[in-house]
Each structure stands twice: as structure tokens, then as C-alpha cells.
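Reading through the C-alpha cells given below for one structure.
The values are calculated or read from the model by the stated rules, or taken from the named source; none is laboratory data. Bear in mind the structure is a predicted one, so any value in this text is a computation, not a measurement. Cβ placement follows ideal geometry from the backbone for every residue including glycine, while neighbour counts extend to all protein chains displayed. Areas reflect the complete protein model, heavy atoms only, side chains present, ligands, DNA and RNA absent. Shrake-Rupley method; radii C 1.70, N 1.55, O 1.52, S 1.80 Å.
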Amino acid sequence: MKVVIVGCGKVGTSIATELNYEGHNIVVIDINREAVQNLSDSLDIMGVEGNGATYDVIMEAGADSADILIAAAAADEINIYTCLMAKAAGVKHTIARVRNPEYTHDLFRVKDQLGLSMAINPELTAAVEISRLLRFSGALEIDSFSKGTAELIKVAIPQESVINNKKISEIDILKGKARICLVERGGEIYIPNGEFVICGGDKISVVAKPEMAAKFFKKINVSIGRSRDVILLGGGKVSFYLAKILLESGTNVKIIEKNGKRCRQLAELLPDAVIIQGDCMDQDLLLSEGIEHADGIAALMDYDEENILISLYLKGVSRAKVITKVNNTSFDLILGNLNLDCIIHPKNLTGEYIARYIRAVQNSEGSNVETLYRLNEDRIEALEFRVLEGSRVTGRQICELPLKDNLQIICINRRGKIILPNGSDKIMPDDRVVVLTSHKGLSVLEDILKH
């Protein structure tokens with residue numbers, strides 16, 4: 001698909017990178033010549049210098065033949081206006097990045113009048129992801145499929161677990177209602193078969209319905225209970241959105257923020273939260289505010305370096321699950337060696353969410369990938385396919401299908417019923433099928449076959 005992206009900042013760059021990886025035809029626009037040049041050169045895409053909110057510039061970028069325009073400039077008002085101009089230019093779908101909480105709250109009222117296909121708020125998106133991780137405090141990562149009816153949850157296996165030193169074929173605790181489908185060990189990743197032996201210290205990914213996953217982890221001695229007391233370090237937009245979500249679920253929330261004016265704003269906006277004015281890097285303050293007893297702590301300050309340093313400190317003094325917000329992707333190589341619990345990249349999440357929307361648009365035009373997650377530093381992909389009538393994979397037992405190596409069908413959603421398939425199960429038209437694989441670029445379900 002042809003996609004025009006207005007804005008070459010961190011969010012625009014993340015979106016362009018994600019969509020370019022998936023093979024879309026990308027054109028970027030920015031008023032900053034150097035930003036356009038750097039992004040277009042690094043991704044080998046077309047760049048246009050100019051004001052992306054003007055008709056002439058978006059037409060120069062080919063808006064009249066574009067399938068989607070994404071407005072990711074610095075100002076919300078400019079992004080909304082850009083989408084209006086894009087609709088006038090004939091763009092089919094428009095997406096605006098909108099960060100202001102007041103606009104986010106009201107935008108649904110005028111979305112149709114503006115012709116917006118989607119509005120995305122990076123901070124709200126990050127808050128939603130963090131809240132999911134805190135729902136299962138012992139989870140390292142959670143990805144959902146089929147509108148949340150099935151989840152892929154990553155945990156670490158303690159030495160005292162009942163599945164330590166057991167073959168996967170021997171682990172049938174819930175009679176096939178939970179499945180281990182990915183294992184990390186010593187930097188290596190495995191899509192295991194029944195003979196694979198689980199060891200203490202492994203990180204495993206389990207697919208199951210949410211309620212079944214909780215029962216499975218309890219039976220294998222993995223603590224994964226919901227966070228009930230959460231401390232948020234920093235009082236920015238992510239903290240505000242996250243606190244609202246957590247408070248609505250009955251979680252106790254404490255926010256520590258250095259700026260007095262912001263503390264007063266938060267106290268007014270979040271009357272059920274405890275707001276503390278203080279320096280989040282002050283170790284004595286953190287100890288006095290109960291970090292040792294918290295279930296979850298999120299480092300959400302403005303500076304990545306502070307979030308990383310305080311997260312390392314917290315791992316040594318608190319039993320809490322620690323979530324670290326990092327915006328700068330250039331830290332990724334360093335972060336991989338620090339053994340932090342969970343790292344959230346708000347800008348990357350925005351690109352991933354938009355890519356999912358574009359896949360849904362493609363879905364109506366012939367493709368059948370509905371959801372895609374890149375796992376383990378992009379080495380593994382989890383894809384959800386919609387099964388089309390007449391597909392070569394239907395009507396045959398899975399054990400009869402010539403599946404590619406390093407690929408596993410981990411879940412089938414059949415009209416809301418979740419099936420963790422074995423070799424005798426069959427794929428039927430209109431099923432939703434989740435596939436885990438190390439192969440890249442699968443676009444239709446038939447790509448899972450060797451020939």
C-alpha cells in the first residue's frame with residue numbers, strides 16, 4: 001500500500017520503519033530538510049521537504065494516489081488539520097497522532113465529521129500496554145489475539161517449578177488448555193516439540209485463554225498475581241493515563257513527581273491516587289514511600305537514563321515488577337545486557353498499532369494477516385490469519401500438512417471457541433489461526449507450507 005507520513009520525529013520514524021519493514025510504499029514529509037534526508041536515506045524511501053499540512057505539499061508527495069496518510073507532526077491541531085486536507089486531496093484513510101488528553105477524550109464526537117479513520121495517542125497506548133503487564137505481575141510480556149480471547153504470555157521458570165527438567169509432552173496440567181510454544185535459554189530461542197526439556201531459568205511463552213493461563217501458572221509454581229499496589233515514578237502523560245486505568249480496576253496508585261505544579265494538577269485530576277512531590281531518584285524517599293512492599297513500579301520519567309538507572313536500583317531493593325519506559329531505541333543493545341524486567345517503547349508501540357490497522361485495511365482487500373507481533377528482538381513472529389474459503393490448508397488434519405520447519409500452529413479461534421490444536425485437528429474456513437515462526441514475511445496462510 002502507498003502510505004504518506006507527515007512528520008519525521010521519533011514517532012514518524014518508528015511508523016515509517018515498521019511499515020517499510022512490511023513492504024509498503026512509503027513517502028515522508030517534514031519541514032526539516034535534514035530530518036527528511038536522514039530518514040529517507042536510512043530506509044531508502046521517498047522524502048518531501050515542506051509543510052505537510054498544506055495541499056500542495058501533500059499532493060507533491062502523491063496524496064491523490066495514497067491509500068493512507070498518517071499525520072505525526074509535533075502539534076495535535078496540525079495533525080487533525082493535515083488529515084482534513086488529506087481527505088480533500090482524495091486520500092482513502094487518514095490517521096492522526098493526538099497526544100492532548102482533552103482532545104483524546106473528545107475526539108470520538110467529531111471523528112466522522114473530520115473523516116478520521118483512526119486517532120492514536122502514544123502515551124495512552126503505552127499506558128494500556130503497561131496496565132496489561134501489571135494485570136499479570138509475574139509476566140514478562142503479554143500479546144493478545146482474537147480480540148483478547150487468547151493470550152501469549154511470557155514468564156521465567158523458577159528452579160523449584162514442578163515442570164523443571166520435564167519434557168513438554170509430560171506437561172499436560174490442564175488437559176490441553178494451555179501450551180508452551182516458545183522457550184528462551186542462554187540467548188537462544190526454541191519453538192519446541194514434545195521432546196524438549198524445560199529447565200529452571202528458562203523463559204517460556206504460553207498460549208491460553210486468560211483465565212486458563214492464570215490456573216496454569218499457579219499449578220507450575222509461577223507467581224503471576226495482579227499488582228494491587230503500584231508506584232509510578234514521574235507524573236507525565238503516561239502516568240496520568242496509566243493511573244486512571246489502574247484506579248478503575250481497583251489498584252492502589254501512588255505517583256511521585258518532582259514538579260509542584262504538576263503534582264497539584266494530578267491531585268485534582270486523580271483524587272483517588274496518592275500524589276507525592278519529590279525526586280524520583282532520591283533513594284531515601286523511595287524507601288520511605290514503600291517501594292519494598294509495592295507489587296509494581298513503573299519508571300516513567302522524561303529522561304531514559306534516569307528510568308534505566310532507577311530500574312536497576314529497584315531490582316536490588318524491591319520484589320515489585322519493574323517496568324521501564326525508554327524512548328531512545330539506540331539504547332537497545334545496552335538494555336539487552338541489563339536484565340531489566342520489562343521495557344516499554346511508546347514510540348515503537350505507536351508504529352505497531354498503526355501497522356495493525358493497516359493490516360486490517362489490507363485484510364478487506366485480499367490479505368489475511370489480522371494480527372502480527374514481533375517477539376524476541378524480531379527473531380520470532382506470531383501471526384494471526386483469517387482462513388479464507390478454498391484455502392489449501394483446510395479440511396486436512398494438521399499432521400498431514402507439510403508445514404515449514406521452525407513453525408507451529410499454536411491456536412485456532414473457531415467462532416469464539418479457542419482450540420489449542422493437536423495433529424488430528426483440522427483448520428476450517430473462517431477460523432482465526434495463530435502461527436508462531438522464525439520465518440519472516442508470511443503474508444497469507446498458505447505461506448506456512450513448504451510447497
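Strands (runs of 3 or more DSSP E) fully within segment 178-259 that include at least 1 residues being more than 20 Å from L270 (Cβ to Cβ) and within 22 Å of the chain's Cα centre (by Cα): 178-185, 188-190, 203-208. Return only the number of the condition from (1) touching a helix residue (DSSP H, G or I) at 6+ places or on another chain (Cβ under 9 Å); (2) surrounded by 15 or more Cβ atoms within 10 Å (Cβ to Cβ) that D229 does not satisfy. The one condition D229 does not meet is (1).
Taking the numbered list (1) in contact (Cβ under 8 Å) with a residue 12 or more places away in the chain; (2) assigned to a helix (DSSP H, G or I); (3) farther than 30 Å from N79 by Cβ; (4) not aliphatic (A, V, I, L, M) in turn, Q159 passes all entries but (2).
Only one of the numbered conditions (1) open to solvent by less than 80 Å² (accessible area, probe 1.4 Å); (2) modelled with pLDDT under 95; (3) charged (D, E, K, R) is not met by D30, and that is (2). No other residue among S169, S137, S161 is at pLDDT below 90, of a type in the set (S, T, N, Q) and either more than 21 Å from I412 (Cβ to Cβ) or touching a strand residue (DSSP E or B) at 6+ places or on another chain (Cβ under 6 Å) (or both) apart from S137. Are any residues in segment 11-22 in contact (Cβ under 8 Å) with a residue 12 or more places away in the chain and either surrounded by fewer than 19 Cβ atoms within 10 Å (Cβ to Cβ) or within 18 Å of K440 (Cα to Cα) (or both), and if so, which ones? Correct list: T17, E18, L19, N20, E22.
For segment 240-284, residues that are free of Cβ contacts under 8 Å to residues at least 40 places away in the same chain and open to solvent by less than 20 Å² (accessible area, probe 1.4 Å) total 10. For segment 53-75, the set of residues classified as farther than 12 Å from V91 by Cβ and outside any helix (DSSP H, G or I) consists of A53, T54, A72, A73, A74, A75, listed by residue number.
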